[in-house]
Amino acid sequence: MMRLLVTGTNGQVAQALAERAGQFPEITVIVVGRPQLDLENIATVFPAIAEAGADLVVNAAAYTAVDKAEQEPQRAFAINRDGAAAVAAAAQTLGAPLIHLSTDYVFSGSKATAYVESDETGPLGVYGQSKLAGELAVRSANPSALIFRTSWVYSPFGSNFVKTMLRLAGERRVLRVVEDQVGSPTSALDLAEAILRIASCAGVGSGATFHVAGSGSVSWCGLARHVFEVSRLAGGPTAKVVPISTSEYPTPARRPANSRLDTSAFEACFGRSLPDWRLGVEATVRRIIAGVN
Ligand SMILES: NC(=O)c1ccc[n+]([C@@H]2O[C@H](COP(=O)([O-])OP(=O)(O)OC[C@H]3O[C@@H](n4cnc5c(N)ncnc54)[C@H](OP(=O)(O)O)[C@@H]3O)[C@@H](O)[C@H]2O)c1
């Protein structure tokens, strides 16, 4: 039996891993979060991971509040750089392979096509800067760590764009949604399944960075429209979606216009891609409407 430790109790990916583990009888997922494992209190990290006796560590805990990070850069860096480095060092000392999650927001978004792993980074805000610093710190503490950059994560758990759209549709008939930011929506459940398959079959420990995201791409506006199409058919809330530009929706943190991640290296290495983003959205929306969490 493989013991997979995932950091972060209520996180989307942590909950998705715990749920999808049901399909992998050979893997036990152990979710460890605050206060036992607090990335802001790095003295907690090694004892929490050592106590769990993990065969594999997935660092899914992070400071993910993109706008708030602009006001709290110290916290963002403490968690996303220093905390991540502590997890990486603990896994290294304990001899447990590590998968560390990172983000499309390490890029500036100015490239015309999808980003490959070797593209120059250039985060636009504190969150992306702290996650990029985390990648470097993880790599330095644990050279064999696998770093998976993902994007636009949604699920029935926690808070995410899909859940926000469905909630707002219950309150307003018209929603203005940004059209000039494009990315690859990623189902946390699909990502979790890919991680579990890799853990159970191929093994980890190659020390590489991969882009792992839902197949295909769409704008936030297109994503919202698809959410409501599915919701309407399932008897859930819908709203009219009006496309707007980023400049019409100012936020504290700037976001990349192009967040698309090229996942061909992941596919070549692991022999699988994540399903089309529409499929995950359909499953997630139906589940949220049915009230199953
Ligand atoms: N969400 C996205 O759209 C997105 C996009 C690209 C990449 N990513 C990356 O994917 C990974 C997983 O994201 P997610 O969507 O699952 O995140 P999430 O739902 O926002 O959850 C964040 C998790 O981090 C935990 N956490 C925050 N501060 C912590 C601390 N000081 N100590 C321990 N745990 C702490 C939270 O703990 P509690 O359970 O205690 O709240 C929560 O479990 C992250 O590395 C994120 O940067 C996410």
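The values are calculated or read from the model by the stated rules, or taken from the named source; none is laboratory data. Remember, it's a predicted structure, so these values are computed and weren't measured experimentally. Quick reminder, even Gly has a Cβ in these numbers, built from the backbone with ideal geometry, and neighbours come from all protein chains shown. Each accessible area value is taken on the protein alone, full model and side chains, heavy atoms only, with ligands, DNA and RNA left out. Shrake-Rupley method; radii C 1.70, N 1.55, O 1.52, S 1.80 Å.
Tabulated data for the structure shown
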read-out	value
Residue list for the range 219-241, given a label point 7 angstrom along the Cα-to-Cβ vector of V174 and an amide N cut-off under 13 Å	240-241
Protein-only accessible surface order, largest first, of E120, E248, E19, E72 at 1.4 Å	E120, E248, E19, E72
Mean separation of Cα contacts under 8 Å, 6 or more apart, over the residue count of the chain: relative contact order %	21
For the range 84-207, diffusion coefficient by Stokes-Einstein and Kirkwood Rh (Cα), 10 °C, 1.306 mPa s, µm²/s	96
Proximal aspartates and glutamates to K111, defined as alpha-carbon separation beneath 14 angstrom and excluding residues fewer than eight positions away on the same chain	D119, E120, D180, D262
Potential lengthening between L136 and E70 on full extension [0.36 nm per residue; Cα-Cα distance subtracted]	21.7 nm
Surface per residue (accessible, 1.4 Å probe) for the chain, Å²	42
Lys/Arg +1, Asp/Glu -1 at C-beta; the range 230-293 dipole; positive extreme among G280, T263, A234	A234
Reachable lysines, given that their alpha-carbon falls under 20 Å from the alpha-carbon of K240 and they are not under 8 places away in the same chain	K163
Nearest 10 degrees, 0 to 90: helix 220-233 Cα axis against the chain principal axis	80
Mean separation of Cα contacts under 8 Å (6+ apart) over length of the range 115-203, as relative contact order %	25
The chain - share of DSSP beta bridges that are antiparallel (%, nearest 5)	5
Proximal lysines to K68, defined as alpha-carbon separation beneath 16 angstrom and excluding residues fewer than eight positions away on the same chain	K131
Heavy-atom SASA rank of R232, R272, R255 (probe 1.4 Å, accessible area, largest first)	R232, R272, R255
Acute angle (nearest 10 degrees) that the helix 84-94 long axis makes with the longest principal axis of the chain, alpha-carbon atoms	40
Furthest towards positive pole of dipole, T164, V32, Y127, structure part the chain, Cβ charges	T164
Size of electric dipole in the chain: Cβ of Lys, Arg +1 and of Asp, Glu -1, about Cα centre, debye, nearest 20	780
Three semi-axes of the equivalent ellipsoid, the chain, Cα gyration tensor, whole Å, largest first	30, 21, 18
Per-residue SASA entry for S273, accessible area with 1.4 Å probe, Å² rounded to 10	60
With all protein chains modelled, accessible area of K131 [1.4 Å, Å²]	10
Solvent-accessible area of R286 with every protein chain in place, 1.4 Å probe, in Å² to the nearest 10	130
Contour minus Cα-Cα distance for D119 and E40 (0.36 nm per residue)	25.4 nm
Tilt relative to the chain, helix 277-289 - C-alpha long axis, 0 to 90 degrees, to 10	80
